[in-house]
Each structure stands twice: as structure tokens, then as C-alpha cells.
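Data first, discussion second: the structure below is written as C-alpha cells.
The values are calculated or read from the model by the stated rules, or taken from the named source; none is laboratory data. Nothing here was measured: the structure is a model prediction, and the numbers come from that model. Don't worry about glycine lacking a Cβ; one is built from the backbone with ideal geometry, like all the others, and counts go over all protein chains shown.
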Amino acid sequence: MHRRKLILTLAAATSLSGCGFGGSRLNPFNWFRSGADEETLDPIEIVVREDPRPLVAQITSLGIDRTPGGAIIRATGLPPEQGWHTAALVSEDRDGMPANGVLTYSLRALPPRGPARVST
């Protein structure tokens, strides 16, 4: 009985070892493959879109607050009319890396879609 299990185990191991080769006919992953080389994709070029928001006309205040992890930059701007929204400081540096040790930001915002109400 012990000898029979040993022979069956060796036979199973031998037959399964044929599946391990990439080009083997015994490998089930090769049964339905057409044999043609797979087509690879050409590398794509990532296009970085520029921010469509126009620059804020005038910057009235700028503040830099130091933090343990770096700094927080605050900017206040004065657009030509009321209703401008979604303002943000946008990095002008390529990949966000400083050029010659200087980080450059621009204050951009979206203008109102239509006439804005005047308030005081």
C-alpha cells in the first residue's frame, strides 16, 4: 500500500512538471494560444494642461506661515469685479521643483459666469 502511494505521487509529480515549461504542450495556458506575438503599446506622452483660470489682477497681501513640515502660503487678491471664485495658488515650476532654489506661484481664479450682484 505504501509503495503504491509512492508510485502515484512520483507519477503525478512527473506529469505536473511538464506543465512548468513555457512552451510545453502539457501546459494548459498554452492550449488556446494562437502562437502570435503579443502587440505592445507605444509609450504615450503625458500632456500637462495649463490652468485655464486667468491671473488675479492685483495681489493685495501675501503671508508665509512656517510649520513643522514646511510653510503655508496665503495670498489675497483683488479681481476686477465681484463674483470671481475657485481661487488658488498654482505652481509655475516644472514638476513642482524649485528653479535655482526659488518656488514660483501665480494666483488664479475663475471669473463670474454672468453679471454679478453688487454688494458692499
Residues being outside any strand (DSSP E or B), surrounded by 10 or more Cβ atoms within 10 Å (Cβ to Cβ) and either touching a Gly at 6+ places or on another chain (Cβ under 9 Å) or among the β-branched types (V, I, T) (or both): count how many of those fall in region 71-120. 7
If we scan region 105-116, do we find a residue that is polar (S, T, N, Q) and farther than 17 Å from P54 by Cβ? no
Number of the exception - S61 against (1) surrounded by 10 or more Cβ atoms within 10 Å (Cβ to Cβ); (2) at pLDDT 80 or above: (1)
Scanning region 21-58 for residues that are of a type in the set (D, E, K, R) and within 30 Å of H85 (Cα to Cα), the one modelled with the highest pLDDT turns out to be R53
